[in-house]
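Readers should treat all values here as calculations from the given coordinates under stated rules, not as data from a laboratory. Nothing here was measured: the structure is a model prediction, and the numbers come from that model. Virtual Cβ from ideal backbone geometry, glycine too; neighbours counted across all protein chains shown.
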Amino acid sequence: MSKKSVITLWIIAVLLGSGVALLKFRKHDTGEAKTQRSRGQTLLESFPAADVAKIQIKGFEESVTLEKKDKNWVVAERADYPANVATVNALLRTVEEVKINNAIEAGPSYGKRFGIDLTATSKADHGTELTFLNAKNENIKTLFLGKQSEGGGRFIQNSADTSGIYVTSESFPTATADPKAWLDDSFLKVEKIKSISVSAAGKPEQLDWKLSRVTETAEFTLEGAQDSEKLDAAATSPIKSLLSMARFQDVGPTAEVATVEKAADRRVATIETVDGFTYVITLAVKAKADKPDAPKPEDGPPPQEDAYNMAVKVTATLAKERTKAADEKPEDAKAKDEEFQTKIKALEEKLKTEQAFQNNVFEVSKYTIDSLLKSRADLLSKAADNAGPQAPPPGLTPPPSGSLEAVTPPISIEQ
């Protein structure tokens, strides 16, 4: 090789080296982090959401395990009660698709600065750990969620990525370690109430009151009402839609059903519907957790509303055949028969769904079942014209009947 060729090669090498150095300098100068993932990319290069069979979420003081059993998601901490599938799928989809808004070049030890400190003694600094496993209980991915970012999104760390901490485009609002938040909230849907009877508190065999009506649109009447007892429409109106859109706060195992059904303070309500459903509902006051160090109302959130434990038994007597009108035309009969069969099938599915609630005790708010806690007197009108004659105040004798006399106070005139 000639001397000229050697010099040429050296010049090319120097130019290439200078170019690489310049590119590195510019990259550093732009502030672009040297992380595995960068802004605009998905947080994870790949995430096999379809392979996830278990999700473990650990927070500051709580933890929850969601498992897929027989193709259905359940909450392990609630005796495998069905989980809210939509919420579970939303979390998996978010993890799979979430993108990076910002990448911060920092090792795992810097997580404490962003609210990712599993040894922290405060919830704000602790963070949330999400672990996704497959059917063989093998780890697919572990993520750590930190504080919310002031610019939106949330700080997040991938345990398999030690190059940095990321700010994501999503804040993961549903990624909570509270088991109650993951429960399927489908519940009883009591419709077209025909009658409702309620026992006295602590005396399930003693009827306190019973309301009934001829049709689902009629007003209620009080069984055994005296002439002086008039129902208060404001008190009975909410009962028409009682438990039509009920929600529960938490759920207990089958073993607690017997405890509620034998509780000393229990109250039993029996509801019958136009469609032939009968609901026997047992209510007992839920004991409040003993928290001697709980903050005073002025120092923290207001105290929680009283809650009740509720157990339910559901049965139904469904019509076997449709009652046909005497003047019904043959061409109308077929359509009405089909409509009847469709309705019966829907009611059978409803019965099957609601009988599944018999296996658990449900914690409900006082507001949800407040109408069932009313006494007979609470249902009656308090109008003055129903109250009868009023007794005079003590020490004042009423005038004789028919001798009403005006009394003029004494008047003095100064001279």
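Among the residues of segment 119-156, those that are surrounded by fewer than 21 Cβ atoms within 10 Å (Cβ to Cβ) and among the polar types (S, T, N, Q) comprise THR119, THR121, SER122, THR131, ASN134, ASN137, ASN139, THR142, GLN148, SER149. Filter segment 211-228 for residues that are buried (at least 17 other Cβ atoms within 10 Å of the Cβ) and either β-branched (Val, Ile, Thr) or under 25 Å from ALA316 (Cβ atoms) (or both) and give the result. Answer for segment 211-228, where residues must be buried (at least 17 other Cβ atoms within 10 Å of the Cβ) and either β-branched (Val, Ile, Thr) or under 25 Å from ALA316 (Cβ atoms) (or both): LEU211, ARG213, PHE220.
Just name the residue that is surrounded by the most Cβ atoms within 10 Å (Cβ to Cβ) out of those in segment 229-240 that are charged (D, E, K, R) and more than 11 Å from TRP209 (Cβ to Cβ).
Selected residue: LYS240.
Taking the conditions (1) surrounded by 13 or more Cβ atoms within 10 Å (Cβ to Cβ); (2) among the hydroxyl-bearing types (Ser, Thr, Tyr); (3) under 29 Å from the mean Cα position of the chain (by Cα) in turn, TYR110 satisfies each one other than (3).
With respect to the conditions (1) over 20 Å from the mean Cα position of the chain (by Cα); (2) closer than 30 Å to ASN102 by Cβ; (3) of a type in the set (D, E, K, R), ASP178 falls short on a single one, namely (1).
When THR35, THR65 are checked against the criterion of being β-branched (Val, Ile, Thr) and in a loop (DSSP other than H, G, I, E, B), a single residue qualifies: THR35.
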